[in-house]
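The values are calculated or read from the model by the stated rules, or taken from the named source; none is laboratory data. Please read these numbers as outputs of a predicted model, since none were measured by experiment. Cβ placement follows ideal geometry from the backbone for every residue including glycine, while neighbour counts extend to all protein chains displayed.
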Amino acid sequence: MRKNSFSTNTLSKVLEIISIKYKTEARLVNLFETQLPIYQPSTKFDNENVKKVTNDVKWANVFVLACPDYHGSMSGTMKNFLDFFWKEFSGKTFGYIVSSHEKGLTVMDQMRTAVRQCYAWSLPYGISINEREDLGSDGKIVNSRLQSRMEMLARDLVVYGRLIYCQFSKDQDSAEQNTFAHYYL
Ligand SMILES: Cc1cc2nc3c(=O)[nH]c(=O)nc-3n(C[C@H](O)[C@H](O)[C@H](O)COP(=O)(O)O)c2cc1C
């Protein structure tokens with residue numbers, strides 16, 4: 001929720017690798033620019049930002065959630081975004097980026113829990129960025145391990161995301177009834 005956010009900048013770089021190296025279409029939803037109202041279950045939102053974000057969520061097969069560490073938790077903005085959706089996430093693959101001074105593992109765990117509750121898959125690792133150690137004064141990455149993990153995340157999202165989503169779609173179209181994909185038709 002700020003300009004030049006470290007988590008958003010890191011996400012942009014990962015999406016750039018996904019688009020350029022893996023020739024895979026990627027969209028960035030910036031919740032600072034496209035702000036959502038507070039979710040209410042009984043409200044039908046006639047709000048342009050809700051429509052835009054919903055359209056992007058339905059379009060995507062794979063997600064990267066990027067979030068700062070706020071009190072060891074995901075930001076309210078991220079939780080509010082997640083509250084808008086569930087079926088739209090099912091069968092899709094998620095990766096995680098957290099900007100934190102303390103690795104942000106609890107933040108990642110919370111996002112993972114919400115994602116699992118929506119019957120979606122998570123990569124078994126995430127990326128933590130600490131600007132004090134990882135970035136130079138010009139904002140460029142000075143930690144080669146971080147750079148390498150960003151490349152790994154981009155690659156794994158494309159490869160595992162495709163495999164998992166293809167199988168989920170196949171299962172949805174299959175006559176076999178007892179699969180979680182069938183349940184989510
Ligand atoms: C409300 C608030 C709570 C925060 N709580 C923590 C925290 O518990 N642990 C931590 O390491 N950093 C904490 N921070 C610092 C941010 O996580 C850190 O500055 C992060 O890099 C910001 O990410 P951004 O650049 O994407 O906004 C907090 C910042 C704010 C504004």
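Annotations
- Breaking point among (1) at pLDDT below 95; (2) within 14 Å of the ligand (Cβ to nearest atom), for S128: (1)
- Of residues in region 161-185 being in a helix (DSSP H, G or I) and among the small types (G, A, S), the one modelled with the lowest pLDDT: A181
- A count restricted to region 106-157 and to residues that are touching a Gly at 6+ places or on another chain (Cβ under 9 Å), part of a loop (DSSP other than H, G, I, E, B) and either crowded, with 16+ Cβ neighbours inside 10 Å or not hydrophobic (A, V, I, L, M, F, W, C) (or both) stands at 6.
- One residue stands out in region 74-105 among those that are among the aliphatic types (A, V, I, L, M) and part of a helix (DSSP H, G or I): the one that is farthest from the ligand (Cβ to nearest atom), namely L82.
- Enumeration of residues in region 75-89 that are touching a residue at least 40 places away in the same chain (Cβ under 8 Å) and either within 13 Å of the chain's Cα centre (by Cα) or more than 22 Å from K170 (Cβ to Cβ) (or both): S75, T77, M78, N80, F81, D83, F84
- Qualifying residue in region 61-73 (condition: in a loop (DSSP other than H, G, I, E, B), in contact with a helix residue (DSSP H, G or I) (Cβ under 7 Å, 6 or more places away or on another chain) and within 16 Å of the ligand (Cβ to nearest atom)): yes
- Test: residue in region 110-118 that is within 15 Å of the ligand (Cβ to nearest atom) and closer than 23 Å to T8 by Cβ: yes
- T54 being more than 16 Å from the ligand (Cβ to nearest atom) and either at pLDDT 95 or above or more than 12 Å from the chain's Cα centre (by Cα) (or both): yes
- If you go through region 1-45 and keep only what is away from the ligand (no atom under 16 Å from the Cβ), assigned to a helix (DSSP H, G or I) and either over 18 Å from the mean Cα position of the chain (by Cα) or in contact (Cβ under 8 Å) with a residue 40 or more places away in the chain (or both), you end up with I17, I18, I20, K21, Y22.
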